[in-house]
Amino acid sequence: MTKASDLRAKSTDELKEMLLGLRKEQFNLRFQRATGQLESTNRIQLVRRDIARIKTLLGAAQRAGGKTAAGAAGKNSDAGAAGAGA
């Protein structure tokens, strides 16, 4: 399991690379489960959660338009001011 704080320190390209690797692992785990070779069923859940964490950070980075996930996943300083003027 990867911590979100560790993921925030990575660049968008590194996150995309990790996401690709986790999706491959997820496929292999599903294949092992289908053939009865899977020993650690909990690993499927951990991989799914890691994929969700990475996708969340990538989405935040895309909305913020930033290069690093750290700046995008942090709190937006002008978020409160957007609704105050309307």
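Tabulated data for the structure shown
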| read-out | value |
| --- | --- |
| Tabulated pairs, segment 38-63, first without any contact (Cβ under 8 Å) to a residue 60 or more places away in the chain, second of a type in the set (Asp, Glu) and in a helix (DSSP H, G or I), C-beta under 8 angstrom, 6+ apart or interchain | Val47/Glu25 |
| Within segment 3-46, tally of residues that are assigned to a helix (DSSP H, G or I) and either open to solvent by 60 Å² or more (accessible area, probe 1.4 Å) or on the phi > 0 side of the Ramachandran plot (or both) | 21 |
| Selected residue (criterion: modelled with the lowest pLDDT) from residues of segment 65-86 that are part of a helix (DSSP H, G or I) and closer than 25 Å to Met1 by Cβ | Ala72 |
| Long-range neighbours under 7 Å by Cβ, at least six apart or interchain, first residue over 10 Å from Asp50 (Cβ atoms) within segment 17-32, second open to solvent by less than 40 Å² (accessible area, probe 1.4 Å) | Arg23/Ile51; Leu29/Leu38; Leu29/Ile44; Leu29/Val47; Gln32/Leu38 |
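The values are calculated or read from the model by the stated rules, or taken from the named source; none is laboratory data. These numbers come from a predicted model, not from an experiment. Every residue, glycine as well, gets a Cβ built from its backbone with ideal geometry; the counts of neighbours run over all protein chains shown. When the accessible area is computed, the model is the full protein with side chains, heavy atoms only, and any ligands, DNA or RNA have been set aside. Shrake-Rupley method; radii C 1.70, N 1.55, O 1.52, S 1.80 Å.
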